[in-house]
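FYI, it's all coordinate maths here, none of it is from the lab. Remember, it's a predicted structure, so these values are computed and weren't measured experimentally. Counting neighbours? That spans all protein chains shown, and the Cβs are built from the backbone with ideal geometry, glycine included.
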Amino acid sequence: TNLAKNTSNGIVVYEMGQDESHQRELTIIRDLPEALETGQLFMVYQPKVNIAQRQCLSSEALIRWIHPSLGFIPPDEFIRLIEQSGNIKVLTQWVIQQVLAQQVIWQKQGMQMQVAINLSAHDLQDTHLPDQIQSSLDYFGLDASLLSLEVTESAVMADTKTVICVLGELKKLGCKLSIDDFGTGQSSLAYLRDLPVDEVKIDRTFVKNIDTNKNDALIVSATVQLSHGFGFTVTAEGMENYIGLDILESFECDTIQGYYFSKPLAAAEFYQWVSAFNTDSGKWWQPHSSNT
Ligand code: C2E
Ligand code: MG
Ligand code: MG
Ligand code: MG
């Protein structure tokens, strides 16, 4: 049953009861294998724009699940459950196959596109992962530098020794490595020092109010400086408006990903978007330009 809750501002919020939310979790875990086979799951791609070149040369692959009865399930919700149920490796393998196959299609269309895949904590404890990725790259005939792997600080924390070893192997293959959601986990500075990464992605929570919040702006500019000092490139996540672009450019941020440029798109739409953007990106650097 739905529980109606009166909040202080008078808005009535419906929350799922415990039984209902437990039922939902069981459904999600139970239905994943079938969902993989029946096309309920698919990948979308969000552009990452290189600021100095004003070109989109890389992107992030994000998973989507439209469930027949539950509808859209946010990835944050089902990834956590799949991880808990021990199925994340299967899902990650599926994501890798989908993404590499898509990159081959784009390559045939004349678009060389680096794609980043999100790895979760369990993936990083799997010492077979580097070999599996190497075989997949060989199978699809793709260069490792076209594949980027995003890991969060909390995923690294789980078993730092194994994770550093796995990351080292992935780096040896020639894959790019990124720290995702930077600044929201713990001991961020030690990870900058110790992990063999190429890129730092500053979390959206610091980027979204960069035009109004001085503290956020300070965190972002300092993170860019620090990351550059280590030789890493910096991506700002979640930039939604032109003012943000202006500020991030002045901070010398290398790459920007966010709704201002584009939401994550289905593969065909993504190809169209990139073709148009890379042909004429100048207008995005004018204040009136907007994606929405
Ligand atoms: P993430 O890796 O940090 O991905 C960025 C999230 O920010 C995405 O949410 C993206 O749609 C959203 N985003 C990008 N720009 C903007 C913006 O300007 N404004 C706002 N409000 N949001 C923006 P999404 O797709 O819901 O994914 C959420 C999280 O789920 C991801 O966070 C990632 O941790 C996880 N995830 C998604 N796909 C996968 C996957 O294939 N495998 C794994 N292991 N995790 C995934
Ligand atoms: Mg990510
Ligand atoms: Mg992120
Ligand atoms: Mg995230």
Sort the range 102-249 into rounded, prolate or oblate with this rule: let a ≥ b ≥ c be the square roots of the eigenvalues of the Cα gyration tensor; rounded if a/c is under 1.5, and if a/c is not under 1.5, prolate when a/b is larger than b/c, oblate otherwise.
-> oblate
Quick one: which residues, 5 or more positions from ALA266 or on another chain, have an amide H under 5 Å from its amide H? H modelled 1.01 Å from N in the peptide plane, none for Pro or chain starts.
-> TYR45
Of the residues PRO68, PRO196, PRO47, which exhibits the maximal mean-square fluctuation in a Gaussian network model of the chain defined by a 10 Å Cα contact cut-off?
-> PRO68
Applied in sequence order to the range 83-92, the curve 6.51 cos²θ - 1.76 cosθ + 1.60 (Karplus, θ = phi - 60°) yields integer Hz couplings, x standing for Gly and Pro, of 5, 5, 7, x, 9, 5, 4, 4, 5, 4
With the chain treated as a Gaussian network of Cα nodes joined by springs under 10 Å, which of GLN257, GLN93, GLN46 yields the largest mean-square fluctuation?
-> GLN93
What residue among GLU20, GLU153, GLU169 has the largest mean-square fluctuation in a Gaussian network model of the chain, using Cα springs under 10 Å?
-> GLU20
Compute the signed sum of charges (Lys and Arg +1, Asp and Glu -1) over the other residues within less than 11 Å, Cβ to Cβ, of PHE277.
-> +1
Surpassing 20 Å at the alpha-carbon level, of the pairs LYS214/LYS283; LYS171/LYS208; LYS48/LYS263; LYS48/LYS208, are LYS214/LYS283; LYS171/LYS208
Listed by chain and number, the aspartates and glutamates with an alpha carbon less than 18 angstrom from that of LYS161, same-chain partners under 8 positions apart left out, are ASP123, ASP126, GLU150, GLU153, GLU169, ASP194
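Hey, with R₀ at 35 Å, roughly what FRET efficiency would SER135 and GLU20 work out to, going by the Cβ-Cβ distance, to 0.05?
0.25
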Please state the equivalent ellipsoid semi-axes for the range 58-116: what are the square roots of 5 times the Cα gyration tensor eigenvalues, largest first, in whole Å?
-> 26, 13, 10
Exactly which GluC sites (Glu not before Pro) in the range 198-292 are in a DSSP loop and have at most 14 other Cβ atoms within 10 Å?
-> GLU252
Simple Cβ-charge dipole of the chain, Lys/Arg +1 and Asp/Glu -1, about Cα centre, in debye nearest 20 = 380
